[in-house]
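**Student:** Take a look at this one; I'll ask things after.
Every number here is computed from the coordinates shown, using simple stated rules; none is lab data. Computed from a predicted structure; not experimentally measured. Glycine gets a Cβ as well: all are built from the backbone with ideal geometry, and neighbour counts include every protein chain shown.
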Amino acid sequence: MNGEQTAATRVVIVDDQAMVRAGFAALLAAQSDIDVVGEAPDGQRALAVCRAEHPDVVLMDVRMPEMDGLEATRRLLDPSTGDVRRPRVLMLTTFDVDDYVYEALRAGASGFLLKDAPPADLIAAVRVVAEGDALLAPSVTRRLIADFARQRPAARRSRAVRLNGLTERETEVLGLIARGQSNAEIAEALFLAEQTVKTHVSRILAKVGLRDRAQAVVFAYESGLIAPGDG
């Protein structure tokens, strides 16, 4: 113990099914490092709850009445609001490849989790996202983002120009991020210290204007750095 008290991660749960909210809330509230500070049954009310409670992480259902999770995520993470305390958003879905999820990642969501995932996975997911990492398993990353790139060809010119601002090493690291590799795996592949990789990742995000690794994955595919099907 170093005497420092780490603040608990503040979580808001958004789902139109009361039983789902109650189950997730009970599970997360039992963790000493997680506080459930609010719930909402739809995206519209989620925005109000988040404005009042300033959560660190929002568990956001994709499909809901009134306002779905995609639109709520767009509004919650819209940089034009000037809110410097924007939370991390973890999308909840019943489908492992859901069309809404592609758009959610572009809106700034930090990843997604299946609703029927084991309880331990939900707890771990909240902690991973709260620490600023993306919840995109390598297998999911390859399949989901490759499908995304094929289905939604983006205008690549401006993104390619932004790639030019990266060093050769940073470009290499970005490519490995896009393949779903963790910092430890990247460090091993490139014979670097893990802290050095973390520094590279931070610089990449800052230079290209991205919020986290999830957006970096999408950016790598849309810029043409990684082609669909690259392993």
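**Student:** Report the label-to-label distance for Met19 and His54 in nanometres (one decimal), using points 7 Å from each Cα along the Cα→Cβ vector.
**Tutor:** 3.7 nm
**Student:** Given labels modelled 7 Å from the Cα in the Cβ direction, how far is it in nm from Asn164 to Gln195?
**Tutor:** Here the modelled spin labels are 3.5 nm apart.
**Student:** Follow-up question, since we're still on this one. How compact and how long is region 9-135, expressed as Rg and Dmax of its alpha-carbon atoms in Å?
**Tutor:** 12.8, 36
**Student:** Here is a further query. How much FRET efficiency would the formula 1/(1 + (r/R0)^6) give for Asp33 and Arg63, where r is the Cβ-Cβ distance and R0 is 41 Å, rounded to 0.05?
**Tutor:** Values: r = 30 Å, r/R0 = 0.72.
Plugging the Cβ-Cβ distance into 1/(1 + (r/R0)^6) gives 0.90.
**Student:** Taking R0 as 25 Å, what's the FRET efficiency between Glu71 and Thr6 from their Cβ-Cβ distance, rounded to 0.05? Write out the running numbers ahead of the final one.
**Tutor:** Details: r = 33 Å, r/R0 = 1.32.
It comes out at approximately 0.15.
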